[in-house]
Structures are given as structure tokens and as C-alpha cells.
Amino acid sequence: MNRFLRTSYLVACVAGVGFFVLSVLILGVWPGRVLEEETRRMSPEHPLKLTASEQRGRAIYSKEGCAYCHTQQIRFLKSDVIRFGAPTLAWETQFDYPHLWGTRRIGPDLSREGGVHSPDWHFSHLYSPRSIVPESVMPAYPTMFNGAPDRPTQEARDVLAYIESLGRARELAGPEGEARMQAASHQMDDMQVASPVLNASPAKARRTGTYSVIRYHLIGQTTHADRGLNVYNRHCAGCHGSKREGDGPGAKGLLPRPANLTEHDYSRERFSFVLWNGVAGTAMPAWRDLSKEDLDALADFLAPAPSTRRVRPPGVPRMMELGRSVYAAHCAQCHGVSGEGDGSAARELAMLPSNFHDIAPVNSAILRAIRNGVEGTPMAPWTAKLTDAEIIAVALVIERREWE
Amino acid sequence: MDVTNPGPAPQTQVETSLVRAHGIAAILMLFASLVFGITVSIELVWPNALDGSPWHSWGRLRYDHTQGIMLGWLANAFFAFLYHAVPVLTGRRVTSVKLGQWLFGLWNFVVVIPGWILVLAGFSQPLEWAEFPLVIDVFVVLALVLAAIQFLPPFFARGLVDLYVSSWYIIGGLIFTLLAYPMGNFVPELVPGARGAAFSGLWIHDAVGLFVTPLALAIIYYVIPAATRRPIYSHFLSMLGFWLLFFLYPLNGTHHYVFSVIPMNAQKGAIAASALLGVDVMIVVANLLLSLRGSGWFPRDIPLRFVGTSAVFYLIVSIQGSVQAQMSVNQAVHFSDWVIGHSHLAMLGFATFAAAGGITHVWQRIPSARYNHRALEWAYWLLFAGVIIMVSDLTHAGLTEARLWQSGAPWLDSVNAVRIYWLIRTLTAIPISAGFTLLLVGLTTGRRGAGLDAIRESVGLEAIEQIAPRLVGSGS
């Protein structure tokens, strides 16, 4: 009897270890084989590995626990795909030692963060998240900087490089890559691999994009104005400042600086475009996740009251002539022959030149832009090439919006 | 052997000095882990509270919080309990006192404390329940081997005949942890991306299921009959529960990555296993609660009350786990504070209550140890209130986040909506810290030997006579 018991306990012990081995086989090793095979079929032939700087950034991301607030795994679910973009495939993480999938989202998923924000946005955000996103709870990482957001240490540069690499492999795979993935997916019955947009971030700035003009309500509807003020303070004041003068706490580290909204009149179209698409090449994000009501309220809030609309200065014919010739010679290749911002060189620029029919800066802002240039943009200072009379003349053309 | 009816076992000696060393270390490390946790929670409510130095940045403290709870608090508490329970269960001494001293030193001064410091200094792994750096992991595995050498031979020396269910859980817990730990800590460093995540998923569940749960259950199964002096309700149910648990737990892991790229069949299998696990836990807990019948709803004996409550928490957290593994629920609450509530119900509710019950139970039985019933009574209620408020609060927060994430609302709306819940969670630190402080007070103040009096009051004099001969240890 004793002996029987003894062997049966031994059997039980072996069975116990067997359970464990079984679990490793069917939930670890077997899925691993499937994923490896899938990676082989879906991956581009020469997948890009991380550079040394990106690797270092990844190590910082690991040790700072970024993955405990940010996932890097978009699930095969409509709610995830709409918010973040195409679901994460196995081959996209094939060089991730160890993986950084994460199981908690305090901040948004970062699988496709590359290209969403500009470098100066990221630096300011890492240095002091609440300076540009007033309601953020993300920790600040000031020790990655030499005392200011525009003075990053190598650490901050590495983190930026890593962030910019997120989602890159998939972007580079292109349409042929997507087609290959679609064909090779074993999950097709249950789930959709593809998504209409690879990167669905509502903040990603675009150079073009469809948008519907935001309605302007009657100014003076107080509830609406309150709502606009509230949205502005929550989302915009960090950069544009509480007085809208472009001098919020987050403005210091940004180039170009946030626009001084009091110095410009924006057309409805421009305003709608900017809120919907951001300003590509600058820290100005897009706001596609704000509700239509919030966007309307913002538009109302920021639209100049009719009484304060500026009157155009009178045009002195000789000055207008001089201004037009200067404009045609020096400005048209960028700002367009008739000021539409569609000059022949515009396509190559990191950011689009201003369209003066949509954006009407006050005289002093125009003069400042011509004399000093706009730091952080292709708009250079012109004092070396133009005389003061020429500058004043061309400014008049822009202010009067009269190109012929 | 039945713990309720121990025969004379004169050679049995409990190494009380090691019980006390691990018991005190457990509670001190609990305080450190608590401070990490509270700081992390404060940083979410007031993100500018600290100056942004990496040494107390959110991520690093977050790593130290969970590693401290698992390896600092729970493991030490389990060791304290084992130094008492293994000799009583087997009638034999543990392998060696000297080995015990090495194990104590290794665990606390080579694993936990250096692990914490290294994490704060920026050396860590971004893997859940595996945040200590690899070099520490090597020593954890070494220490687990030593623990196996220390505690398992007494069982094998008895020829494994007629083992009480606690013994099974102890043997299972020690062996399985030794197997699972390297898998969770080393494999994802070698296997990339989604493939590594599959192993991580296994370990996230095994850390709780194969280390914490078996040892916590060993305590509950031990303390209930020992404190009530009545045998467990059904030995058959005990064994059924045990084997189902060890079959099902490891198969749960992939439920941490539902709707991921990991093959659907593995996900669905893990989800089915999760549902079955809930059923298994119902069997286990029914058996435990039936064993408690006749002891009143709130037994006067504090250790018994701790483990009884722990069993109830275990039931709730397991049913919750089965539910949240299901795809329709998972797609909403995954990634949210709901899960943080779940893990606190498991670690702070179930495991911590079992560990507190285990420590106080063995403390009562050290004749020279101080014991303060009143303080422990308060500790119980404060902790109970803290857990309940915190878990309901976080569950609510999770549901709020889930709703906003499913809508198209901007991300920050979900952060804003739960701020108030985060504040309440931070405030639960008050009852919880007070409870733990009183736990320490309860074990370090009061009369020496008051613990034995407490037993006498709850179960009668003859019980003491049965216990006393087994306590001829080094009893300092």
C-alpha cells in the first residue's frame, strides 16, 4: 500500500511538472512558431533595424517605464484602430528585445508615434509636458536637458530618435507591403489586418486634408464663448498663451514660435484647415479628436469681433508698384504669384509659405517677418537684400492683398 | 499529517529566530513598497509633486513597488510561515539553520535591496513582474534553489505519504516558481517582440498563479484547521482544487494579450482556461468557507479572520478574472484602471491578507514573542476598509476610461475623468498605511506570550498543550 502511494505521488509530481511544460508548449512555444512563420511571410526582405541612437533611446524608454503608461500594441479592435491606426503585426516588433507591448494605457498608444509631432514639440513635452499640454499627467524629464527644452542632451536626442522610429517599418513597407501582409495573415477570418489609415493619430499634422468649414456662430452667445474659452485654456493656452499672444509657458522651446493670434486675422477656411490638419513642419498639432461643438466654439472664440476688423491702409500707387516688383522678384516663388502660398518652390519646403488671402497679419507683424525672418521656418530675413523702402512697399502689397 | 491532530513529535523544532527575522523583514519591506506605491499614486494626482529627478521618477518607482510587494513583502512572509509550517506538517526540521541564514541574507541583502537600488539607478527590465535587472534574477533563481533545498527535503523524507493539502501547495509553489521564474525573466530578452510577449503573458500570470497563490493558499489551508482545531471540510475537494489549479493556472497567461497578434487559438484557449479557473476557485473557496463554519462570521482570532477574509477576496478576484478575460469585457476594460483594481484585490486583498494571517498565526505560537490583540484588531479593519475602497474606486475608474476610449473623445478626457478616482486611491493610502503600521505594532508591542493567551481564549487550554512541545526552538 505504502509503495503504491509512493508511486502514485511520484506520478502526480511528474504530472504537475507536465502541466507546466504543457502550458509553455501550447501558449509559448507553439504561438512563437506561428508568429515566426508569419513574420517570415509578412516582413520586408531587408527590414530596417534600429540605429545606435535609436537603440539608446529605446533603453531609456525601457528604464524609465514609459511602457507602463504607453502601450505599443494596437489591438485588432475597431476602437483601437480608429484611434491609433493599423493593428500591430508580429513582424513589426521582430527586433524588440525585450518587447515593449505594455498592459496599461495612461497615455495613448505609441506604436505609430513616429511623425505625429515635430521634434521641438517632443523636446518641450519631455522637458515639461504640462507646459504645452496643460492637463497632462506625464512625468517631466528635465534631466535629459541642459536647463531648457531647446538644449537637449544626447539622451533626449536618443529618445526622440527612438520615438521617430515607432511605426516606421510599416510606413516604409508601402502598399506592396500591405498587400503582402494581407495575403499572409492567418487571422483574416477573425480580424482585419489592414486599416484605412496606417497612422490614425488625431494630432498628426498634414500638409493637405479635407476639412469642412467651421461654422461661425453669432458672437455674444455667452455659453458658446465660455465653452470656447474653456477649450482654448485646456488645449491651446500652453503654447499660445492665455492672452493669445503666442507666449504660453510652452512657447520657449518651440521653433517656429506659436503664432501670436492677436496679430493675425484668419479666414474661416484657414482656421478650419489649421484645426483639422495642424501646421505640418511646426509644433502646431492637429485637433481632429475635438468634437465639432468644441471646434465651433473655438472658432467663435478666436474669430475677431466684426468691430475690431482691421481697415486696409490706402494704397499709394508708386509704392504699390515698387512693392509688386519686389514681390514678384523675391517672394512669389514661395508665396505664389498672387499670394496664395502656392509658389513654384513651395512644394519642396518643410512647411508651406503663408497664403496671404487666408492669413492677414497686422502691419508690424509683416514688417517683423520680412526684417527678421521667421525663425525655424524657410522664411529668411531680407534686410541684406532689400532696402527699407522696398520692405515697406512689399509689406503694403501684402496688407492690401493687391497683386495686380 | 493532519495539523489539527498532531501526534507527539519531539524531534520537531521550529526555528523561531528565522520566523522572526523573515517576519520583521517582510513588514519593513512592505513599508518600503508602500512608500513606492504611494509616491507613484501621488505623482499621478500631482505630476509636479517631485522635482523630476530620475531617482524618483514615476516609472522607476512603479517597478520597485510591484517587485517589492512580491519579493520583499510576500516572499519574506511566506518564508516566515514556512519555517513554522514545514516542521509542523512534516514532523521534521528544515534542512539547516545555517542555510536559513544564508537564504535570509541572500534574499534581502543581495536580491531585494540591491534590486530596488539598481532599478532606481536605471538598471532594469521593462517586463511586468520581472523588473529587477538580469543580474538580480540570477540570485533570485539561486535563492529559490536554496529555498527548495531548505523546505522540500522534510516532505520527501516523510516519503510523501499522507500529505496534508498545505504541503502540496508548498511543494507545488516552490517547484513551479523555480521553473517559471527563469521563463518570465530570461526568455523575453532572448525572444523578440510578439513571441517574447507570449512568454511574458505566461509569466505575468504564473508570478501570481504559481508563486503567490499556492503559498497563500498553503497558509489559508494551514491556518484554518490549526486555529479552529477542526479538520478541513473535505480532503477530496482540497485535492481536486489543487490539481485543477495547477493544471489551469499556467494555461491562463495569454489572456493578458487578447485581440493581439498572438494566434487566436492560443488566446481562446487561455480565455477558456480562465473561465474554468473561476469554477475551480469556487470549489477551493467553498471548501475553505465550509471548514470555517461554526467559527462565527468574524472569528475573534485575528489570524483566522485574516485568512478567512483572504479566501473571500480570492473568490471575488478570481471570478472577476474569469469575467475580464472574456473577449467582450476584455476589449473594454483592458489597459484601464479596472485591471489595477483587480491586481490590488489579488495582491493587497487576497495575498496580503493571507500573508498577514500567516505571520500573525505563527507569531502567536512563539512563546517569547510580543503580541498585541487590540492593535491587530484595528489593523484588520483598517486594511479591510482600505482594500474595499481602493478596489471599488479603481474599478469605477476603469469603467469610466473604458467608456471614453470606446467613444471618440480626446485622450485627455479619459485622464481628466479619472483624476478624482486617482485622488481617492491616493487617500486610501491613509487607512492602508495605518493598518500596516498597526500590524507591526501588533507584533512588536504587548506582553510576551500574549499570543498563546489569545489562542487559549479562542480554542481552549488543551490546544496549547498540544502546541507547546513543538516550540522548543532557539526561541530568542
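Normalising by residue count, the range A:275-404 has a Cα convex hull of 120 Å³ per residue. Site pair B:I113 and B:R300 shows an inter-label distance of 4.1 nm when each label is modelled 7 Å from Cα along Cα→Cβ. Our helix-only sum for chain B, with -39,500 (n - 2.57) per DSSP H run of n ≥ 4 divided by its residues, gives a mean residue ellipticity at 222 nm of -23500 deg cm²/dmol. For B:R93, nonlocal amide neighbours, meaning residues 5 or more places apart or on other chains whose placed amide H falls under 5 Å from its own, are B:Q13. Using only Cα atoms, locate the centre of the range B:243-273 and the centre of the range B:56-119, then give the distance between them in Å, rounded to an integer. One Cα centre to the other: 29 Å.
Against chain A, whose longest principal axis is taken from its Cα atoms, helix A:52-63 shows a tilt of about 70°. When both the range A:48-67 and the range A:106-174 are represented by their alpha-carbon centers, they are found 12 Å apart. As I understand it, the value is the acute angle between the Cα axis of helix A:363-372 and the longest principal axis of the Cα atoms of chain A; what does it come to in degrees, rounded to 10? Roughly 70 degrees, rounded to the nearest 10. Given R0 = 60 Å, the distance between the Cβ atoms of B:F31 and A:K243 translates into a calculated FRET efficiency of 0.80. Label point of A:V311 set 7 angstrom out along Cα-Cβ; within the range A:380-404, amide nitrogens under 18 Å from it belong to A:399-401. Remark: the A:A328-A:T387 segment gains 19.7 nm on full extension, using 0.36 nm per residue and subtracting the alpha carbon distance. What is the diffusion coefficient of the range B:358-433 in µm²/s, taking the Kirkwood radius over Cα pairs and the Stokes-Einstein relation at 10 °C with a viscosity of 1.306 mPa s? This corresponds to a translational diffusion coefficient of 106 µm²/s.
Roughly how compact is the range B:126-200, stated as its Cα Rg over 2.2 N^0.38 Å to two decimals? Numbers along the way, then the final one.
On the way: Rg = 15.3 Å, N = 75, 2.2 N^0.38 = 11.3 Å.
Cα Rg divided by the expected 2.2 N^0.38 Å: 1.35.
At 0.36 nm per residue, minus the direct Cα-Cα distance, what do A:A52 and A:Y216 gain on full extension? Give it in nm, one decimal, please.
Details: separation 164, 0.36 × 164 = 59.04 nm, distance 5.03 nm.
Extending this stretch completely gives an extra 54.0 nm.
Atom-type composition of the exposed protein surface of chain B places 71 percent of the accessible area on carbon and sulfur (1.4 angstrom probe).
Averaged across the residues of B:206-213, what count of C-beta atoms belonging to other chains lies within 10 Å of each residue's C-beta?
On the way: counts 3, 0, 0, 0, 2, 0, 0, 0.
Per-residue shielding by partner chains comes out at 1.
Computed from the Cβ-Cβ distance with R0 of 45 Å, the FRET efficiency linking A:N146 to B:V138 stands at 0.75.
For the pair A:Y97 and A:C13 in one chain, pulling the backbone fully straight at 0.36 nm per residue adds 26.8 nm over the alpha carbon distance. Close amide H contacts of B:F335 (hydrogens built in the peptide plane, cut-off under 5 Å, sequence separation of 5 or more or a different chain): none are found. For the protein assembly as shown, the alpha carbon convex hull comes to 164 Å³ per residue, rounded to a whole number. Straight-distance candidates among the lysines for linking to A:K63, with alpha-carbon spacing under 17 Å and chain neighbours fewer than 8 residues away dropped, are absent.
A cut-off of 5 Å between modelled amide H atoms, ignoring neighbours fewer than 5 places along the same chain, links A:V279 with A:M284. About the centre of its Cα atoms, the range A:317-400 shows a dipole size close to 180 debye [charges on the beta carbon of Lys, Arg (+1) and Asp, Glu (-1) only; nearest 20 debye].
Spin-label model, A:S79 to B:V329: label points 7 Å out along the Cα-to-beta-carbon direction sit 1.5 nm apart.
For each pair in A:K78/A:K292; A:K292/B:K268; A:K49/A:K292, compute the distance between the two Cα atoms and list the pairs where it is over 31 Å. Show your work: numbers first, answer last.
Numbers: A:K78/A:K292 21 Å; A:K292/B:K268 40 Å; A:K49/A:K292 41 Å.
Beyond 31 Å between Cα atoms: A:K292/B:K268; A:K49/A:K292.
Backbone phi angles across the range A:12-24, fed through the Karplus curve with coefficients 6.51, -1.76 and 1.60 (θ = phi - 60°), yield HN-Hα couplings of 4, 4, 4, 4, x, 4, x, 4, 5, 4, 4, 4, 5 Hz in residue order; Gly and Pro are listed as x.
With runs of 4+ DSSP H residues as the only contributors, calculate the mean residue ellipticity of chain A at 222 nm using -39,500 (n - 2.57) per run, divided by the residue total and rounded to the nearest 500.
Computed mean residue ellipticity for chain A: -12500 deg cm²/dmol.
Inside 10 Å of the C-beta atoms of B:55-65, what's the mean count of C-beta atoms belonging to other chains?
Values: counts 1, 1, 7, 10, 11, 4, 2, 5, 4, 0, 0.
Per residue, the number of nearby Cβ atoms from other chains is 4 on average.
Remark: accessible surface ordering of B:S392, B:S200 (largest first) is B:S392, B:S200, probe radius 1.4 Å.
Which shape class applies to the range B:16-465: rounded if a/c is under 1.5, otherwise prolate when a/b exceeds b/c and oblate if not, where a ≥ b ≥ c are the square roots of the Cα gyration tensor eigenvalues? Rounded shape, in that the Cα axes give a/c under 1.5.
Modelled this way, with points 7 Å down the Cα-to-C-beta line, the labels at B:W102 and A:V197 are 6.2 nm from one another. The angle separating the long axis of helix A:30-42 from the principal Cα axis of greatest extent in chain A is about 40 degrees. As a calculated quantity, the FRET efficiency between A:R400 and A:S291 at R0 = 60 Å, using C-beta atoms, amounts to about 0.95.
The values are calculated or read from the model by the stated rules, or taken from the named source; none is laboratory data. Here the structure is a predicted model, which is why all the values come from computation and not from measurement. As a convention, Cβ positions derive from the backbone with ideal geometry for all residues, glycine included, and neighbour counts pool all protein chains shown. Accessible surface is based on the protein model in full, side chains and every heavy atom, while ligands, DNA and RNA are left aside. Shrake-Rupley method; radii C 1.70, N 1.55, O 1.52, S 1.80 Å.
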